[in-house]
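Comments concern the structure below.
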């Protein structure tokens with residue numbers, strides 16, 4: 001399979017994110033830096049899927065597979081935001097993190113079993129490569145700090161930062177409504 005194909009790119013990201021979640025869930029001393037990195041990459045990955053992958057799927061199956069997966073992604077983001085607000089208390093974080101990883105893993109497994117095979121069959125390779133370029137552009141060039149106009153309330157947590165504003169900003173940028181250099 002062409003490594004520029006959106007299907008291959010999503011699978012690589014799933015493997016990388018799941019491997020890092022496994023590292024976090026196994027460690028007794030979860031690293032705030034690794035947690036921040038995994039959370040940010042997960043948000044960027046999910047928004048890139050939302051912008052590049054799922055609109056193409058709507059044209060194939062009228063959203064029958066997309067809607068449940070997008071709902072799962074919204075739940076994952078919501079849980080990340082709750083962890084962000086809770087701060088880095090390892091006694092709270094470890095059980096929550098293991099449960100979140102299980103949810104992320106199950107979600108990625110369903111995407112790889114249901115969504116990606118359909119995309120691979122229904123879309124020509126050239127279209128999948130075009131989607132791969134869009135996916136990579138959204139994921140890799142997304143701003144890495146919250147937009148100032150978002151007006152997010154400051155939190156005491158400095159581990160993740162304001163993930164909700166990051167996700168909103170990535171979506172806005174990918175849709176072309178704003179693009180401010182980070």
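Since every read-out is calculated from the coordinates, none of them should be taken as a lab result. Just so we're clear, the structure is a prediction, and the values are computed from it rather than from any experiment. Quick reminder, even Gly has a Cβ in these numbers, built from the backbone with ideal geometry, and neighbours come from all protein chains shown.
Mind listing just one residue for me: the one in the range 48-64 that is over 14 Å from residue 114 (Cβ atoms) and in contact (Cβ under 8 Å) with a residue 40 or more places away in the chain and, of those, nearest to the chain's Cα centre (by Cα)?
Taking the range 48-64 as the starting set, the residues that turn out to be over 14 Å from residue 114 (Cβ atoms) are 48, 50-52, 55-56, 58-59, 62.
Right, trim to in contact (Cβ under 8 Å) with a residue 40 or more places away in the chain and you get 48, 50-52, 56.
On the way: 48: 7, 50: 9, 51: 11, 52: 12, 56: 17 Å.
Across the range 48-64, the extreme among qualifying residues is 48.
Only one of 23, 82, 4 is over 14 Å from the mean Cα position of the chain (by Cα) and buried (at least 16 other Cβ atoms within 10 Å of the Cβ). Can you tell me which? I'd like the intermediate steps shown before the answer.
Details: 23 fails: buried (at least 16 other Cβ atoms within 10 Å of the Cβ); 82 fails: buried (at least 16 other Cβ atoms within 10 Å of the Cβ).
Answer to the selection: 4.
Does residue 67 satisfy the criteria of being outside any loop (DSSP other than H, G, I, E, B) and free of Cβ contacts under 8 Å to residues at least 12 places away in the same chain?
Numbers: outside any loop (DSSP other than H, G, I, E, B): yes; free of Cβ contacts under 8 Å to residues at least 12 places away in the same chain: yes.
Taking the combined requirement at face value, the residue satisfies it.
Of these, 52, 120, 56, 25, which one is out of contact with any strand residue (DSSP E or B) (no Cβ under 7 Å at 6 or more places or on another chain), more than 23 Å from residue 7 (Cβ to Cβ) and in a helix (DSSP H, G or I)?
Details: 52 fails: more than 23 Å from residue 7 (Cβ to Cβ); 120 fails: more than 23 Å from residue 7 (Cβ to Cβ); 56 fails: more than 23 Å from residue 7 (Cβ to Cβ).
That would be 25, the only listed residue that is out of contact with any strand residue (DSSP E or B) (no Cβ under 7 Å at 6 or more places or on another chain), more than 23 Å from residue 7 (Cβ to Cβ) and in a helix (DSSP H, G or I).
Being surrounded by 14 or more Cβ atoms within 10 Å (Cβ to Cβ) and within 14 Å of the chain's Cα centre (by Cα) is the filter here, so list the residues in the range 7-20 that pass it. Break it down into steps so the answer makes sense when it comes.
Applying the first criterion (surrounded by 14 or more Cβ atoms within 10 Å (Cβ to Cβ)) to the range 7-20 yields 7-11, 13-14, 17-18, 20.
Correct list: 9, 10, 11, 13, 14, 17, 18, 20.
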